[in-house]
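A.B. asks: Mind looking over this structure? Questions follow.
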Amino acid sequence: MEIFWKTISNYNVSTWKIQVLIVLIAAVLTFRLYRRPSPFIKKAMMFFMVLLNLWVAVVYYFVYCSERPYYYIFAAFWIVMALIWCYELIRGRYKFERSYKYDKISYLLYAVPFIYPLVSLGRGMHFPMMTSPVMPCTVVVFSLGVLMSFSKKINLFLVLLLFHWALLGISKIYLYRISEDILLTICTVPAIFLYIREYIDSGVVVDSKPGVKAINLLLLGTCGIIGVVFTYIILKSFNIF
C-alpha cells in the first residue's frame with residue numbers, strides 16, 4: 001500500500017500541470033461535441049482518446065508506477081484500449097452520434113473525475129498523495145460518459161474492457177484503502193448494464209445462443225453478484241460485521 005500511494009504522489013508532483021491541460025482539452029472537446037460536432041472535432045476527440053489511453057499506459061504505469069508489481073500488465077491493458085480507439089479512428093466507424101437517452105447519467109460520469117480528489121481531501125489526504133482527475137479510474141469514468149452520450153455504434157469490446165477495469169476497482173478499495181474507487185463501481189456497473197441491455201434489446205443478438213432472455217438474465221445476475229460483493233465491501237469497511 002505504501003508503494004501504491006508513493007507512486008501516485010510522484011505522478012502528481014511531476015505531471016499536475018499537464019493533467020490540468022488534459023482536463024481542459026477534454027472539457028473543450030466534449031463541449032464542442034455537444035454544441036458543434038463538426039467532422040474535425042469528432043476526429044480530434046477520437047485522437048485525444050488514443051493519446052489519453054496511451055498517457056495512462058506509458059506515463060502513469062511505465063514511468064511513475066514501475067515500482068508496483070505487475071505494472072506492465074496494467075500498462076498492456078491500456079495499450080489495448082488505445083489500439084481500439086486508434087482502430088475506430090482509422091476505420092472511421094464511430095461517428096459520435098448523439099444519443100439523448102442517458103444524458104443524466106453521462107453528466108454524472110463527467111463530474112466524477114472532479115469528485116475523486118474531493119473525496120481524497122474529505123478523507124484527510126493532501127496533495128500530492130491523493131487521487132487526481134487524470135488517473136486510470138477517472139479516465140474510465142470519463143470514457144463511459146462519452147460513450148453513453150454518443151452511444152450509437154460503440155465498440156462493444158471497448159465497453160467490456162472498461163467494465164473489467166471497474167471490477168478491478170473493487171479490489172483496490174480493500175487492498176490499497178482507496179475508498180474513492182467506490183465512485184467508480186457505483187457509476188460504472190449501472191452504466192455498463194444499461195448499455196449492454198440496450199445493445200441486446202436492439203435486436204443485434206436476436207438469433208444468438210443463448211437467447212436474448214437468457215442473456216438478459218445472465219447480465220442481470222452478473223450485476224447482482226457485483227452489487228452483493230460491493231455491498232459486502234462497504235459494510236466491511238465500516239466494521240459493521
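A.B. asks: If we count other beta carbons within 10 Å of each Cβ, what is the order of Tyr34, Tyr11, fewest first?
C.D. replies: Tyr34, Tyr11
A.B. asks: Using 0.36 nm per residue, how much length does the chain from Val58 to Lys17 gain when fully extended, once their Cα-Cα distance is taken away?
C.D. replies: Gain on extension, Val58 to Lys17, equals 13.0 nm.
A.B. asks: Oh, and also: What does the extension gain come out to for Leu118 and Ser9, with contour length at 0.36 nm per residue minus their alpha carbon separation?
C.D. replies: 37.6 nm
A.B. asks: In nm, to one decimal, how far is the Asp103 label point from the Tyr34 one, both placed 7 Å along Cα→Cβ?
C.D. replies: 0.9
A.B. asks: Once you have the Cα-Cα distance between Phe127 and Tyr70, take 0.36 nm times their residue separation minus that, and quote the gain in nm to one decimal.
C.D. replies: Length gained between Phe127 and Tyr70: 17.9 nm.
A.B. asks: Right, another one. Please state the Cα pair-distance histogram of region 1-148 with 10 angstrom bins from zero: what percent is in each bin?
C.D. replies: Whole-percent P(r) values from 0 Å outward: 11, 38, 35, 14, 2.
Here, each number is a calculation from the coordinates, and none is a lab measurement. Bear in mind the structure is a predicted one, so any value in this text is a computation, not a measurement. Ideal geometry is used to build each Cβ from the backbone, glycine not excepted, and the neighbour counts take in all protein chains shown.
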